[in-house]
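Have a look at the structure below before the remarks.
Read-outs: derived from the displayed coordinates by stated rules, not from any lab. Remember, it's a predicted structure, so these values are computed and weren't measured experimentally. Using ideal geometry, Cβ is built from the backbone for each residue, glycine included, and neighbour counts are taken over all protein chains shown.
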Amino acid sequence: MADQKDIERTGTEAGKPRDWAGALGSGATPSAAGAGHGFMGSSLYEKGKTVHNKRIDGPFRRFKWLVMVVTLAIYYITPWIRWDRGPYAPDQAVLVDLAHRRFYMFDIEIWPHEFYFVAGMLIMAGIGLFLVTSAVGRAWCGYACPQTVWTDLFQHVDRLIDGDRNARMRLDKAPWTASKIARRTAKWAIYLTIAFWTGGAWIMYFADAPTLTVNFWAGQAAPVAYATVAILTGTTFWLGGFMREQVCIYMCPWPRIQTAMLDEKSLIVTYKDWRGEQRGSLKKAAKDPEAYGDCIDCLQCVAVCPTGVDIREGQQIGCITCGLCIDACDKVMKEVGRPRGLIDYATLEQCEAEAAGAPATPAWKALLRPRVFVYFGVWGAIGAALLFALGTRTHTDLTVSPDRNPPFMLLKDGSVRNAYTLRLRNMEARPRDMEVALTGLPAGAVMWTEAVSLENAAPTQVIKVPANETKVVRAYVMLPPGERGDSFAFRLTSLDEQGEQDVAETTFAMPGSK
Amino acid sequence: MANKRIDQPTGTETVGHEWDGIEELNTPLPRWWLWTFYATIAWALVYVVLYPAWPLIDKATDGTLGWSSRGQLAKEMSAADAAREGVVRQIAATDIEQLAASPELMGQAIAGGAAAFKVNCVQCHGAGAAGSPGYPNLNDDDWIWGGTLSEIEYTITHGIRWEGDDATRANYMPAFQGMFDAGQVNALAGHVLSLSGKAKPNAAGANLFAENCAACHGPAGGGMPEMGAPALNDAIWLFGGTEAEVKKQILNPRHGVMPAWNERLDPVTIKMLAAYVHSRGGGQEAAPAATETPAPTDVAQAAKAENDG
């Protein structure tokens, strides 16, 4: 066993610029390793630590408020927007109707066979993350990620019930008195309420919201609805209320992927050490102005950080680039009469140039890089392709599959009959008459379905297709004796002002044909 | 052994091991991670108690919940039976010729029949019900014993030439081996083929036919479904329509046999099978009923079941 104190001393000296444990947001130094689960005298596991971030106001905080309000509003309110689609389709603006396999989004209705729209949107979301990362770094993590938004919300609840940073830290250490129990109960009750609302809002996307709400409270909703609410309530309560930054640091794959995407041209939150170092309090700096930089070591940047990192240690996985430390530092710099931007959004390249004496570059210049344009081009191309496909799609479709067993049927009088399964798709929210005609078969070829019977066989048939449905019809086509058929097509025409058409090629099998 | 030191570049303590110069940094995991690990162990212990887990010689430990995949299947099967019960009872209570009056019930019957067909009938009649020489095609419009729903139901119920069933459909065409000489057989076969325009008519054959065959097959060879005499004047031949095959059948007729399915299947399944066979495209309407054109039928299920095959 080495001398613990010895290690401690060495640790503090050597662990200056890149303290990995600190980089992970834990702040635990080897010496802080406590008892229990000892491995050769040190601990392999560190105790959980709650981040009590201090209230701060500033442009980035206000932007965070705005994003929070907008994203939460979208999440909670969207399912309640009504959208009139006539009597044959639901009137919920955004609805994922799994039971009927339809996805409604305002005026757009996606059918299962058009799942490529959903796939395209998912690809756009993925590339969108790349685009955002290359343009503005970890802005998603800092502002829009649900984990960030809900963590922020829960931290505000902490502040509301227990007070600001110092009060909360005191309360954490305080013994379990009646007042502490009351506060904790109140806080967790609010957590639970928010969590329940979060889970409750989720299921509204999958069924008619008002009906589901009534059924839910009447105990008549589907078991999967209760299970989903329970799971999402639990995860929101646990991940938002307790795990918080641990999710970003240990659970989420995105920060890890981002570490491979960020480079010296990426926008990150930086501490300008060339300007800040040597850190020192105002008192020290007053004595020897030449020896000290702008950083007065007030630790406000650490106090306001929602993930508890020290940004002055440089880029690190715990930093979600939310900019609250910028707000805090700017406020302090203003108070002590020094220029703002000691901590600021910048790229490493800009920092290096600035350190070398170049004038400060506005952060938005980080946007103008080829990678951003490439990602934007790909993202935009997919979006344009999806819009084009959406604009030009027809609302009718016909697919035909001929019976393969038996491929043809010889009838008593020598005529030959083939059977086909027709699928007539009507994507309009109203019933439509559709005409199906045979094209390319010799004269005398007739068609009938089980609905019209052989006596009414004719070269064309009109089939009623219900609103919003694919009608499956078994159709028979018959050639009189002596005639031969080969390739031909069914032509579908909607008998309304749209007159949409579709043609399905198929073959007519005969004795002796291949 | 505990040769702990601080790694200079990272400022992190090592765990103290050293393997050929390779050391490991002590980067502590969060404690909650450890609790997650313990939770999975606890979960596993509970699972081992509740569910089948430890393999024994011929089975596994039962688990206190008594769950088994076989038991779950049985439960799901009986749940499916229970769900079908209403429809089954309805079909049982409906006369088969009245089934078509309810398109929905007919659709259910056809779907059920399609499933039963795959289990019981495809061995002889083929997956597409197209048959093969000696095994009738059920898709066409030629019916030896009649093609209305009730006639098909009767045929399935009692079988054909099935010894165990007194009500079975049976007939036997006599073997003309030794009764005709070669010229007569040629003439008769020629006449039979001429009925459907496959050969030139000949007087000798026509005479032989009138004397020996017309009693059952009809003077013009139109057949007689009441006694199962096939029509000879159409394009469909159960045992083949070449001259050699026709001659073979005259001299030494073969007689197909079908089991009486009431020995194995319940009446509702038989009714559904009849509906399915009838729906294959050649089904005939019952003569006196003169039902109006059946209402549009939702054939989705039937079509789907067929496509499965």
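Numerical summary
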item	result
Label-point separation in nm, A:GLU455 to B:ASP62, each point 7 Å along Cα→Cβ	6.5
Cα-based helix-to-principal-axis angle, A:370-392 vs chain A, degrees rounded to 10	30
Extension reserve of the A:LYS365-A:ASP288 stretch, reckoned as 0.36 nm per residue once the Cα distance is removed	24.1 nm
With at most 11 other Cβ atoms within 10 Å, longest stretch of chain A clear of loop chymotrypsin sites (Phe, Trp or Tyr not before Pro) (DSSP)	A:177-514
Residues whose placed amide H lies under 5 Å from that of A:GLN278, excluding near-sequence neighbours	A:GLY293
Qualifying trypsin sites (Lys or Arg not before Pro) in the stretch A:39-129, DSSP loop, other Cβ atoms within 10 Å at most 15	A:LYS47, A:ARG55, A:ARG101
Cβ-based charge dipole, the protein assembly as shown, positive-most Cα from B:ALA206, B:GLY126, A:TYR191	A:TYR191
Calculated from backbone phi, Karplus (6.51, -1.76, 1.60) coupling profile of the stretch A:97-109 in Hz, x at Gly/Pro	8, 5, 4, 9, 6, 10, 10, 9, 9, 6, 7, 9, 10
Normalised per residue, the volume of the convex hull around the Cα set of the stretch A:396-507 (Å³)	91
Residues whose placed amide H lies under 5 Å from that of A:ASP397, excluding near-sequence neighbours	A:ARG425
From phi via Karplus (6.51, -1.76, 1.60), per-residue ³J(HN,Hα) for the stretch A:449-464 in Hz, x at Gly/Pro	10, 5, 7, 10, 6, 4, 4, 9, 4, 7, x, 10, 9, 9, 10, 7
Other-chain or far-sequence residues with amide H under 5 Å of A:THR507's (modelled H)	A:PHE488
Value of Rg to Rh for the stretch B:100-160 (Rh from inverse mean 1/r over Cα pairs, i.e. Kirkwood)	0.96
Distant alpha-carbon pairs in the protein assembly as shown (separation over 34 angstrom), percent	69
Net charge, B:ALA182 excluded, C-beta distance under 15 Å - Lys, Arg +1, Asp, Glu -1	0
Shielding of A:448-455 by partner chains, average beta-carbon count, 10 Å	5
Beta bridges by DSSP in the protein assembly as shown, antiparallel share as percent, to the nearest 5	95
Longest exposed-site-free window of chain B, the sites being GluC sites (Glu not before Pro) in a DSSP loop that have at most 11 other C-beta atoms within 10 Å	B:1-162
Gain on full stretching of the segment that runs from A:VAL462 to A:TYR205 - 0.36 nm per residue minus C-alpha separation	88.8 nm
Cα-based helix-to-principal-axis angle, A:115-136 vs chain A, degrees rounded to 10	20
Pairwise label distance in nanometres, A:MET105 with A:TRP274, each label 7 Å out on the Cα-Cβ vector	4.5
Cα→Cβ-extended label distance, 7 Å offset, between A:ASP496 and B:THR36, nm	5.2
In Hz, Karplus ³J(HN,Hα) per residue of the stretch B:273-283 (6.51, -1.76, 1.60; θ = phi - 60°; x = Gly, Pro)	4, 4, 4, 5, 4, 5, 7, 6, x, x, x
Ellipticity estimate at 222 nm from DSSP helix runs (n ≥ 4, -39,500 (n - 2.57)) divided over the protein assembly as shown, nearest 500	-12500 deg cm²/dmol
For the stretch A:263-361: rounded, prolate or oblate by the Cα gyration tensor [a/c cutoff 1.5]	oblate
Environment charge at A:LEU342 (Cβ cut-off 10 Å; Lys +1, Arg +1, Asp -1, Glu -1)	+1
Global geometry of the stretch A:57-128, whether rounded, prolate or oblate, following the gyration tensor of its Cα atoms and the 1.5 cut on a/c	oblate
Footprinting exposure proxy for A:VAL96, A:VAL336 (fewest neighbouring C-beta atoms within 10 Å first)	A:VAL336, A:VAL96
Hydrodynamic radius (Kirkwood) for chain B, which is based on Cα pairs only, to one decimal in Å	25.5
Inter-chain shielding of A:417-429 (mean C-beta neighbours from other protein chains, 10 Å cut-off)	2
Shielding of A:398-405 by partner chains, average beta-carbon count, 10 Å	3
Whether the stretch B:181-243 is rounded, prolate or oblate, judged on the alpha carbon gyration tensor where a/c under 1.5 counts as rounded	oblate
B:TRP19-A:GLN220 FRET efficiency (beta carbon distance; Förster radius 56 Å; 0.05 resolution)	0.35
Which of B:VAL122, A:VAL372 has the fewest Cβ neighbours within 10 Å, and the rest in rising order	B:VAL122, A:VAL372
